[in-house]
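Participant: Below is one structure. I have some questions about it.
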Amino acid sequence: MNEKVLRVLEYNKIIETLTGYAGSAPGKKLCRETVPQTDIKVIEELQSETADALARLYKKGTLSFSGISEIGESLKRLEIGACLSTVELLRISSLLTAVSRIKAYGGAAKEEEEGENDAVQHYFDALSPLEFLQHEIDRCILGEDLIADDASPGLKSVRRAIKTTNEKIKDHLNSIVISEATRGMMQDALVTMRDGRYCIPVKAEHMSKFPGMVHDRSSSGSTVFIEPMAVVKYNNELRELALQEQKEIEKILEDLTGQAVSVQHELAVNRDMLAKLDYIFARATLAKQQKGVRPRFNTDRCINIKKGRHPLIDPKKIVPTDIRVGEDFNLLVITGPNTGGKTVALKTIGLFTLLGQAGLHIPAGEGSKLGIFKEVFADIGDEQSIEQSLSTFSSHMTNTVSILEKADYESLVLFDELGAGTDPTEGAALAMAILKYLHARDVRTVATTHYSELKVFALQTKGVSNACCEFDVESLRPTYRLLIGIPGKSNAFAISQKLGLKADIIEAAKELIGEQEKSFEDVISGLENDRVRMEREKEEIAMLKAQAEETARKLAEKQEKLDAAREKMLQEAKEKAADVLREAKEYADRAIRNINKSGAHTREMEEERSALRERYEEYRAAGGIKRREPKKESAHELQVGDEVLVLSLNLNGTLLSLPNTRGEVNVQLGAMRTTVKVSDVEFVKAKEEPKQTQRSMAASIGYAKSMTVSPELNIVGKRVDEALPEVDKYLDDAYLAHIEKVNIIHGRGTGALRDAVHAKLKRTPYVKSFRLGEFGEGDRGVTIVEFKK
């Protein structure tokens with residue numbers, strides 16, 4: 001892209017903002033070097049990086065790159081074999097600390113994405129924390145001029161000797177300073193240093209009494225700093241130890257440098273990856289701050305910006321606008337009043353194209369589209385601002401000539417006030433000729449103008465469309481909305497009338513306009529009225545649609561709640577019914593066992609019957625059982641031996657007697673005999689066999705069962721919910737048939753069916769014991785059950 005268009009469209013200002021979001025010097029450098037690309041593959045890769053980094057910012061929060069040191073010079077020194085200083089090694093340690101933190105951020109995000117890699121994950125994966133090197137540097141170097149005593153055994157030994165020697169010197173000099181014999185000769189009772197050697201301040205007149213080396217005098221000459229001969233030896237030793245200390249420090253630095261050389265490539269990769277990640281997350285942060293979206297790119301040079309917001313205008317004041325060109329038309333002519341938003345729309349198209357091709361998101365609505373252009377040309381003027389143009393016809397035409405020489409099929413051309421600054425007739429003719437020239441070459445072009453001739457040109461030419469910036473005559477203010485397909489209407493008369501210009505003057509002005517101009521303005525007015533009406537109808541339709549959707553949503557929610565309540569009621573009813581049936585069965589089983597044990601005495605049977613009736617009435621009162629209404633049966637229709645239904649118990653039985661004087665009948669219910677009101681029974685079917693006694697009936701039932709019940713049940717291959725009811729019935733039949741032991745064949749499989757059968761056997765009261773089969777009995781695929789007697 002040419003440098004001029006980057007400046008005119010204020011692309012550089014966006015790059016300055018982008019650079020401010022980078023935290024490291026290498027990252028800022030990459031931001032400043034950001035330029036629009038023309039390869040759609042490269043552009044899509046950049047956009048994917050920005051989008052994926054933005055997603056991480058929303059999920060994981062911000063990622064700081066501040067404090068990352070530049071190690072480029074240190075890497076060059078490593079290449080030539082130079083030894084690194086403590087400052088350079090500390091910078092490497094700082095870099096590795098940032099690497100560990102940033103890699104952990106990338107690893108955490110990858111885990112949340114269940115291992116799926118995005119466009120930036122490979123940058124995180126390429127980072128090498130090099131913990132061993134960082135640990136060694138931090139262990140050995142405590143500051144820019146401070147090496148730890150434990151950095152090496154040799155350094156620790158030398159520093160211990162230095163400490164011991166210092167203590168010897170101080171002890172000897174302190175003894176001189178505090179001595180009674182020398183107190184009057186001392187200028188001050190202290191030990192000081194000159195030229196790195198310990199001295200004592202002696203009065204000049206007593207210096208001959210202190211043999212030693214004079215290292216300094218005070219400015220007045222009254223004080224002499226003498227190193228006593230007794231400590232010269234120790235000071236010499238201290239100087240030698242200092243040299244040994246420096247040699248040990250150099251060895252440590254050489255060792256750390258050697259370790260850095262061994263991972264020189266990894267350090268270079270870390271530096272590059274951190275800079276790249278800093279650059280990517282700076283783009284993502286910019287997108288987050290601007291509420292930008294990823295545009296959809298196409299090679300058809302089509303632009304469709306939805307709710308676009310110029311990023312350099314205050315977000316609280318900007319009015320989002322829709323702009324499109326390249327689909328139905330390749331040339332757009334925008335008209336409207338000054339300060340109405342024409343230039344903003346023009347700059348928005350150009351700037352969004354540049355930002356998108358540079359890999360940056362654009363502050364617009366989802367689904368916005370941008371074309372790929374190799375060049376963008378803009379004639380907006382060097383002094384052009386959002387509100388006012390100060391460029392002259394000459395400068396405009398110079399720019400236009402240059403653009404026409406360079407523009408081709410893959411260019412986007414933007415003209416602001418094309419043909420302005422000269423005679424209106426000639427300017428309009430020039431503007432129309434220039435637009436025809438570009439239109440014939442299928443160059444995507446957007447131009448703003450005040451000329452009515454260009455409005456007519458756009459209406460009459462295929463592939464060219466009008467657009468206008470809406471103006472509110474009532475408030476005398478532009479709305480900044482761009483209306484495509486409608487030419488701008490001249491509002492001079494309406495505005496003048498609103499401001500108080502006399503009506504007769506306005507009418508006189510109207511008479512000076514030709515009939516053709518009047519007709520054209522009338523057409524535009526009609527189009528404007530139709531547009532306002534259609535927008536009003538569109539708003540009403542949208543409102544009605546929203547109301548309908550809201551009503552449908554509420555109905556759906558209501559239906560969902562009703563369905564949920566019904567399901568809940570059905571589930572509760574099923575659970576309650578299952579509980580009732582289970583308890584009734586257990587109670588009946590106990591009653592049968594008691595009857596069998598008691599020999600079926602009438603009194604005990606009657607007690608069992610009464611208790612069963614009371615329990616039934618409790619269930620019925622609670623709503624668990626609904627009592628059936630009796631049919632209108634007369635007494636003469638019932639015969640002894642008929643099968644009847646006892647309504648209060650909801651059980652079938654055999655009629656044993658006709659109604660007595662109290663309207664009561666005797667009914668045989670299985671092994672139980674009961675007396676009920678004749679109104680409580682309902683005829684089922686006529687007698688088939690002669691009535692049997694209770695004992696003979698029980699015996700015949702048991703005999704019949706024993707003849708038909710098999711000593712084993714095979715449920716292999718069945719599901720648990722299919723097998724358990726079959727097992728339940730089989731156990732009842734086998735127990736009533738007085739079979740002592742049965743086999744249930746369930747197979748091995750996963751063990752789920754076997755466990756379900758065992759759980760059922762544990763809850764069955766008349767099962768004495770059960771076990772898995774042994775060798776020859778079926779092993780673990782068979783359960784052997786023994787009943788109580």
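Participant: Just to verify a result, which residue in the range 55-110, among those that are among the polar types (S, T, N, Q) and in a helix (DSSP H, G or I), is nearest to the chain's Cα centre (by Cα)?
Facilitator: Once the filter is applied, the top-ranked residue is S100.
Participant: Just to check your reading of the model, which residue among K489, K502, K510, K462 is surrounded by fewer than 15 Cβ atoms within 10 Å (Cβ to Cβ), modelled with pLDDT under 80 and among the basic types (K, R)?
Facilitator: Testing whether each residue is surrounded by fewer than 15 Cβ atoms within 10 Å (Cβ to Cβ), modelled with pLDDT under 80 and among the basic types (K, R) leaves just K510.
Participant: Which one of the conditions (1) under 25 Å from the mean Cα position of the chain (by Cα); (2) surrounded by 20 or more Cβ atoms within 10 Å (Cβ to Cβ); (3) not hydrophobic (A, V, I, L, M, F, W, C) does T335 fail to meet, given that it meets all the rest?
Facilitator: (1)
Participant: Let me ask you something else. So which residues in the range 142-160 are within 14 Å of Q246 (Cα to Cα), touching a helix residue (DSSP H, G or I) at 6+ places or on another chain (Cβ under 6 Å) and touching a residue at least 24 places away in the same chain (Cβ under 8 Å), if there are any at all?
Facilitator: Within the range 142-160, I147, A151, S152, G154, L155, V158, R159 meet the criteria.
Participant: Looking for whichever is open to solvent by less than 60 Å² (accessible area, probe 1.4 Å) and more than 25 Å from R101 (Cβ to Cβ) here; the options are I280, I249. Which one fits?
Facilitator: Residue meeting the stated conditions: I249.
Participant: Right, another one. Tell me yes or no: at least one residue of the range 159-171 is small (G, A, S), closer than 30 Å to I226 by Cα and more than 53 Å from the chain's Cα centre (by Cα).
Facilitator: Yes, the range 159-171 contains a residue that is small (G, A, S), closer than 30 Å to I226 by Cα and more than 53 Å from the chain's Cα centre (by Cα).
Participant: Still on this model: Keeping to the range 742-754, report how many residues are surrounded by fewer than 18 Cβ atoms within 10 Å (Cβ to Cβ) and touching a helix residue (DSSP H, G or I) at 6+ places or on another chain (Cβ under 9 Å).
Facilitator: Adding up the residues that qualify gives 6.
Participant: Hey, can you tell me all the residues within the range 410-434 that are outside any helix (DSSP H, G or I), of a type outside the set (F, W, Y) and within 22 Å of V344 (Cα to Cα)?
Facilitator: Passing the criteria: S411, L412, V413, L414, D416, E417, L418, G419, A420, G421.
Participant: Kindly indicate which of T17, T38, T50 is part of a helix (DSSP H, G or I), more than 30 Å from E254 (Cα to Cα), hydroxyl-bearing (S, T, Y) and open to solvent by 50 Å² or more (accessible area, probe 1.4 Å).
Facilitator: None of the others qualify; the one that does is T17.
Participant: Let me ask something additional. For the range 657-683, which residues satisfy the criterion of being of a type in the set (A, V, I, L, M) and either open to solvent by less than 20 Å² (accessible area, probe 1.4 Å) or closer than 23 Å to L736 by Cα (or both)?
Facilitator: The answer is V665, V667, L669, A671, M672, V676, V681.
Participant: Can you pull out every residue in the range 197-215 that is open to solvent by 50 Å² or more (accessible area, probe 1.4 Å), touching a residue at least 12 places away in the same chain (Cβ under 8 Å) and either under 17 Å from T165 (Cα atoms) or part of a helix (DSSP H, G or I) (or both)?
Facilitator: M207, K209
Participant: To continue, here is another question. Which pairs have Cβ atoms under 6 Å, sit 6 or more apart or on different chains, and link a residue in the range 409-431 that is over 20 Å from L6 (Cα atoms) and free of Cβ contacts under 8 Å to residues at least 40 places away in the same chain to one that is open to solvent by 10 Å² or more (accessible area, probe 1.4 Å) and not in a loop (DSSP other than H, G, I, E, B)?
Facilitator: Every condition considered, the pairs that remain are G419/L430; G421/F393; T422/F393; A428/E453.
Participant: Could you check, for the range 56-74, whether at least one of its residues is under 30 Å from E410 (Cα atoms), of a type outside the set (A, V, I, L, M), in contact (Cβ under 8 Å) with a residue 24 or more places away in the chain and open to solvent by less than 30 Å² (accessible area, probe 1.4 Å)?
Facilitator: No - not one qualifying residue is present in the range 56-74.
Participant: Checking the condition buried (at least 19 other Cβ atoms within 10 Å of the Cβ) and either touching a residue at least 60 places away in the same chain (Cβ under 8 Å) or among the acidic types (D, E) (or both), which residue from E227, E237 passes?
Facilitator: E227
Participant: Which ones in the range 145-171 are open to solvent by 20 Å² or more (accessible area, probe 1.4 Å), assigned to a helix (DSSP H, G or I) and closer than 23 Å to R197 by Cβ?
Facilitator: Residues satisfying the conditions are S157, R159, R160, A161, I162, K163, T164, N166, E167, K168, K170, D171.
Participant: Please work out which one of (1) of a type outside the set (K, R); (2) at pLDDT below 90; (3) exposed (fewer than 12 other Cβ atoms within 10 Å of the Cβ) is the condition I176 fails and give its number.
Facilitator: That leaves (3) as the condition not met.
Participant: State all residues of the range 390-413 that are modelled with pLDDT under 90, closer than 20 Å to G341 by Cβ and open to solvent by less than 50 Å² (accessible area, probe 1.4 Å); if no residue qualifies, say none.
Facilitator: S391, the sole residue that qualifies.
Participant: From the residues in the range 759-789 that are in a helix (DSSP H, G or I) and under 15 Å from V716 (Cα atoms), which one is modelled with the highest pLDDT?
Facilitator: Among residues in the range 759-789 that are in a helix (DSSP H, G or I) and under 15 Å from V716 (Cα atoms), the one modelled with the highest pLDDT is G781.
Participant: To continue, here is another question. Would you point out the residue of the range 447-468, among those that are out of contact with any strand residue (DSSP E or B) (no Cβ under 9 Å at 6 or more places or on another chain) and either assigned to a helix (DSSP H, G or I) or acidic (D, E) (or both), that is nearest to E417 (Cα to Cα)?
Facilitator: The qualifying residue nearest to E417 (Cα to Cα) is E453.
Participant: Scan the range 305-321 and tell me whether some residue there is of a type in the set (S, T, Y), open to solvent by 40 Å² or more (accessible area, probe 1.4 Å) and more than 24 Å from the chain's Cα centre (by Cα).
Facilitator: Taking every residue of the range 305-321 in turn, none turns out to be of a type in the set (S, T, Y), open to solvent by 40 Å² or more (accessible area, probe 1.4 Å) and more than 24 Å from the chain's Cα centre (by Cα).
Participant: Within the range 106-133, which residues are at pLDDT below 90, of a type outside the set (A, V, I, L, M, F, W, C) and in contact with a helix residue (DSSP H, G or I) (Cβ under 9 Å, 6 or more places away or on another chain)?
Facilitator: Matches in the range 106-133: G106, G107, K110, E112, E113, E116, N117, D118.
The values are calculated or read from the model by the stated rules, or taken from the named source; none is laboratory data. Just so we're clear, the structure is a prediction, and the values are computed from it rather than from any experiment. Methodologically, a virtual Cβ is constructed for each residue, glycine included, from the backbone with ideal geometry; neighbour enumeration extends over all protein chains shown. Only protein heavy atoms, including side chains, enter the accessible area calculation; ligands, DNA and RNA are left aside. Shrake-Rupley method; radii C 1.70, N 1.55, O 1.52, S 1.80 Å.
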